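Chemist: For reference, the structure I am asking about is given below.
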Amino acid sequence: MLLPHLIDLIRKATATIRAGESLNGNGHLFALYLLTELCAKESLGAIVEAVSLPGEGPFDLFGDSITEDLNRILAVLAADQPEVIDQLITDRSING
C-alpha cells in the first residue's frame, strides 16, 4: 500500500532534520501533497510532528509550503480534529 510509504517519507525526513542533517531529495514534500490529495487522515500525526520541529525545521522540510499551503493541508486532514489545529496555533514553541 502506498500511504504507509508516503507517511514514512515524512517521518524519515523529520528525523533527518531533527538530527541536524541535510535532506537528499524532495520525496517528503511530494508525499505531503499526495497525502493531502488522498485525504489520508492517518498522516496527520506525522505532518504535525514535522511542522512542530523547532526553529527553521519546518521550513527546511517544506519550504514555502508552510506559509502558502499548510492552512489548506490542515483543513483537509484535520477537519474533524480542530483541537489539533488549535494546538498548533497556540503553541508558542513552534517555529520560535
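Chemist: Among the residues of the stretch 77-93, what is the count of those that are among the hydrophobic types (A, V, I, L, M, F, W, C) and not in a helix (DSSP H, G or I)?
Modeler: Matching residues across the stretch 77-93 total 2.
Chemist: Still on this structure, please answer the following. Which residue pairs have Cβ atoms under 9 Å apart, sit 6 or more places apart or on different chains, and have a first residue in the stretch 16-44 that is open to solvent by 90 Å² or more (accessible area, probe 1.4 Å) and a second that is of a type in the set (S, T, N, Q)?
Modeler: Ser22/Thr16; Asn24/Thr16
Chemist: Filter the stretch 45-60 for residues that are more than 15 Å from Pro4 (Cα to Cα) and surrounded by 14 or more Cβ atoms within 10 Å (Cβ to Cβ) and give the result.
Modeler: Of everything in the stretch 45-60, those that are more than 15 Å from Pro4 (Cα to Cα) and surrounded by 14 or more Cβ atoms within 10 Å (Cβ to Cβ) turn out to be Val48, Glu49, Ala50, Val51, Ser52, Leu53, Gly57, Pro58, Phe59, Asp60.
Chemist: Within the stretch 74-96, track down each residue that is under 19 Å from Ala15 (Cβ atoms) and either aliphatic (A, V, I, L, M) or open to solvent by 90 Å² or more (accessible area, probe 1.4 Å) (or both).
Modeler: Ile94
Chemist: Considering (1) open to solvent by 90 Å² or more (accessible area, probe 1.4 Å); (2) of a type in the set (S, T, N, Q); (3) in contact with a helix residue (DSSP H, G or I) (Cβ under 8 Å, 6 or more places away or on another chain), say which one Asn71 fails and leave the rest.
Modeler: Condition not satisfied by Asn71: (3).
The values are calculated or read from the model by the stated rules, or taken from the named source; none is laboratory data. Computed from a predicted model, the values in this text were never measured in an experiment. Using ideal geometry, Cβ is built from the backbone for each residue, glycine included, and neighbour counts are taken over all protein chains shown. Surface accessibility is based on the protein's heavy atoms, side chains included, excluding ligands, DNA and RNA. Shrake-Rupley method; radii C 1.70, N 1.55, O 1.52, S 1.80 Å.
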